Amino acid sequence: MDGFDDLLAANREFAASFDLAGFDGVAHAGVAIVTCMDSRIDPLGMLGLKPGDAKIFRNPGGRVTPQAMEALVLAVHLLNVERVLIVPHTRCAVASNTEAELRERVAASAGQDASWQPFPVIADQAAALREDVQKVRSHPLVPDTTRVGGFLYDVDTGLLDQLV
């Protein structure tokens with residue numbers, strides 16, 4: 001239980017003014033975001049949204065993985081989502097390293113072999129983004145009325161650039 005006291009104290013402060021009790025859980029702005037797990041990204045803030053406005057799915061690289069696709073199908077059918085933003089970012093570790101480099105870095109940190117651990121890397125972010133947007137647009141369970149866009153987030157300026 002050690003090591004979490006600061007976070008639990010912060011949570012108690014957060015809970016003291018918590019105002020989302022009873023929230024219905026749908027995306028009130030009709031937005032879903034697939035983005036990277038990078039802590040430099042504030043998915044709601046970068047779009048001027050607030051808690052309750054969007055569904056957010058994060059993973060290394062911000063890719064539309066099978067798990068992300070599951071989330072998007074649920075979101076468009078059950079959670080009020082009408083627009084999907086796929087948002088990788090500049091200076092991303094999985095887009096600027098090879099899988100061998102990532103395995104080597106993890107192995108050095110872990111002090112043990114990491115050659116068995118997959119780390120899907122992105123050789124071409126623009127091509128991967130086009131592929132992911134097409135994957136969502138063409139999915140049989142995503143209605144044609146769902147708007148899907150591909151954007152690159154600049155971690156140094158905070159700006160989004162729509163590429164697809």
* **DSSP bridge orientation in the chain - percent antiparallel, rounded to nearest 5** => 15 percent
* Structure fact -> Checked the chain with the C-alpha gyration tensor, a ≥ b ≥ c its square-rooted eigenvalues, rounded below a/c of 1.5, otherwise prolate if a/b is larger than b/c and oblate if not; verdict oblate
* Gain upon complete extension [Trp116, Asn11; 0.36 nm per residue less C-alpha separation] -> 34.1 nm
* To do: Using a/c under 1.5 as the rounded threshold, could you call segment 108-164 rounded, prolate or oblate? The axes a ≥ b ≥ c are square roots of the C-alpha gyration tensor eigenvalues, and prolate needs a/b larger than b/c, oblate otherwise.
  => oblate
* To do: With the full set of protein chains in place, find how many percent of the accessible area of the chain is carbon and sulfur; take the probe as 1.4 Å.
  => 56 percent
* Sort the following peptides by mean Cβ neighbour count (other Cβ atoms within 10 Å, averaged over residues), highest first: 87-98, 139-150. => 87-98, 139-150
* Full extension from Arg91 to Val164: what is 0.36 nm times the residue separation minus their Cα-Cα distance, to one decimal in nm? -> 24.4 nm
* Asked: Given R₀ = 30 Å, FRET efficiency for Ala123-Arg147 by Cβ-Cβ distance, to 0.05?
  -> 0.60
* **Asp24 paired with Thr98, simple spin-label distance in nm, labels 7 Å along Cα-to-beta-carbon** => 5.2 nm
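Please give the net charge around Gly25, taking every other residue with its beta carbon less than 13 angstrom from that of Gly25, where Lys and Arg add +1 and Asp and Glu add -1.
-1
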* Take the alpha carbon atoms of segment 95-120, find their center, do the same for segment 12-32, and report the distance between the two centers in whole angstrom. => 37 Å
* To do: Divide by every residue of the chain the summed helix terms, -39500 (n - 2.57) for each DSSP H run of at least 4, and state the resulting mean residue ellipticity at 222 nm, rounded to the nearest 500 deg cm²/dmol.
  => -10000 deg cm²/dmol
* Structure fact -> Bridge orientation stat for segment 80-164 from DSSP, antiparallel percent rounded to 5, came to 40 percent
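The values are calculated or read from the model by the stated rules, or taken from the named source; none is laboratory data. None of the values given here were measured: they were computed from a predicted structure. Note that we place each Cβ from the backbone using ideal geometry, even for glycine, and neighbour counts take in every protein chain shown. The area values use the complete protein model at the heavy-atom level, side chains included, leaving out ligands, DNA and RNA. Shrake-Rupley method; radii C 1.70, N 1.55, O 1.52, S 1.80 Å.
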